[in-house]
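None of the figures in this text is laboratory data; all of them are computed from the coordinates on show. Since this is a predicted model, take the numbers as computed values, not measurements. Here the Cβ positions follow ideal geometry from the backbone for every residue, glycine too, while neighbour counts run over all protein chains shown.
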Amino acid sequence: MIKIITIIGARPQIIKAAALSRAIKNKFSNKINEIIVHTGQHYDENMSNVFFSELQIPKPDYNLNVGSAGHGKQTARMIIGIEEILFREKPDFIVLYGDTNSTLAGAIAAAKIHIPVVHIEAGLRSFNKKMPEEINRITCDHASTLLFSPTKTGFNNLVREGFAIKNKSPFTIDNPQIYHCGDVMYDNSLFFSEIAEKKSDIINKLNLKKNKFILVTIHRDNNTDDPIRLNSVFSALNKISSENKITTVLPLHPRTSKLLNKNLSKKLYQEIFKNQYIKIIQPVSFLDMIALEKNAKIIMTDSGGVQKEAYFFEKPCVIIKKLLRIKLQLLPMQMNKKLLIHIIILSKKIN
């Protein structure tokens, strides 16, 4: 039997791991033994534990409980914990997702002691090495033995970086194999959207009208930690919601919640919480998030996962990053022109 260790730590990784765990349970339980290691990178109840029960993922066999810390300290704690587990369990492979510090730590710990690394979501690039995620994903790719890219673009990125297309087995860190395989998040979106329709009551709970509200998520440090950028984003959201009289729902990430009072001007902070069209809520479960995405008029986000889900559900998506892009091909023709004008204003403010 093949033994694999799956490393998860952040909410998106827990969600992505659901697809693989489900396949192992339903099709390969007699061939693959999966051990789940939770680094504890996300330690908030709403951002982690609730997802295991909701997504039918087996509870972690190990939890490192590293919590929040600077990049160096957090990653070092993870490497120490993961390495000890690898020595104890002696897996055939370690499976990593995405581009978090948990991904980086798993890649370093495994590669140093010659355990093959399997990287799911390989090859994705922002071409901005100021982003810690870019450093994490590049390092992980070049320490991996099997690399699974969800897009043809990601696959081509790996080829440009020197990965060979026609390597022959046995595959190793020096002789890796790359695959264009599709996206596990698409599998999850299809699988859980039906469940969300039956189990999620968040649309009624928040008294929302279908296709009549904006869904917003903001959590990246280059948006939250920079007072100028955070004020620009929330100023635009305040204007968009009030002038168009459209409900704007913000499931607030713990990071953003802590920084609102600190980084927003007092005037804007007060306006945001007095704005009857802005609903700031606690982080929501994955099923509730899917329900919000499927029923929103438009989605604004700096989350890579939410961007993809917006695309899967054919929703217009505004990406709140250094270079903000509007996916015009997804905008419905009947979309309010005034709203679109304010989206362009938002783009100019952020840039």
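Enumerate the whole-percent occupancy of each 10 Å bin, from 0 to the last occupied one, for all C-alpha pair distances of the chain.
Percent of pairs per bin, in order: 5, 24, 33, 25, 11, 3, 0.
Bin all alpha-carbon pair distances of segment 172-246 at 5 Å intervals from 0 and give each bin's fraction as a whole percent.
Taking all Cα pairs of segment 172-246, the binned fractions are 3, 10, 12, 13, 13, 13, 16, 9, 5, 4, 2, 1 percent.
Whole Å is fine, so just give me how far the alpha carbon centre of segment 258-281 lies from that of segment 240-255.
Here the two parts' Cα centres lie 10 Å apart.
Considering only DSSP beta bridges whose two residues both sit in the chain, what percent are antiparallel, to the nearest 5?
For the chain, the DSSP antiparallel bridge percentage is about 5.
Taking Cα centroids, how far is segment 108-155 from segment 9-25 in Å?
After rounding, the separation between the Cα centres reads 18 Å.
Return the long-range amide H neighbours of Lys279 (sequence gap of 5 or more, or a different chain), with a cut-off of under 5 Å between placed amide H atoms.
Under 5 Å from the amide H of Lys279 lie the amide H atoms of Thr248, Val249, Leu250, each far enough along the sequence or on another chain.
Could you give the dipole magnitude of the chain about its Cα centre, charging the beta-carbon of Lys and Arg +1 and that of Asp and Glu -1, in debye to the nearest 20?
Here the size comes out at about 1280 debye.
Just need the relative contact order of segment 62-219 here, percent rounded to a whole number, with Cα pairs under 8 Å and 6+ apart.
16 percent
Where Rh is the Kirkwood radius over the Cα pairs of segment 115-253, the temperature 4 °C and the viscosity 1.567 mPa s, what D in µm²/s does Stokes-Einstein return?
70 µm²/s
What's the exposure ranking of Val284, Val216, Val66, going from fewest to most Cβ atoms within 10 Å?
Lowest count first: Val284, Val66, Val216.
Can you give the Rg/Rh ratio of segment 204-334, where Rg is from the C-alpha atoms and Rh is the Kirkwood radius?
0.93
Please grab the % of Cα pairs in segment 2-182 that end up more than 24 Å from each other.
When every Cα pair of segment 2-182 is considered, 34 percent fall beyond 24 Å.
D for segment 89-129, whole µm²/s, Stokes-Einstein with Kirkwood Rh over alpha-carbon pairs at 20 °C and 1.002 mPa s: what number?
Estimated diffusion coefficient is 196 µm²/s.
With a cut-off of 8 Å between alpha carbons and a minimum separation of six or more residues, what is the relative contact order of the chain in percent?
Normalised by residue count, the contact order of the chain is 13 percent.
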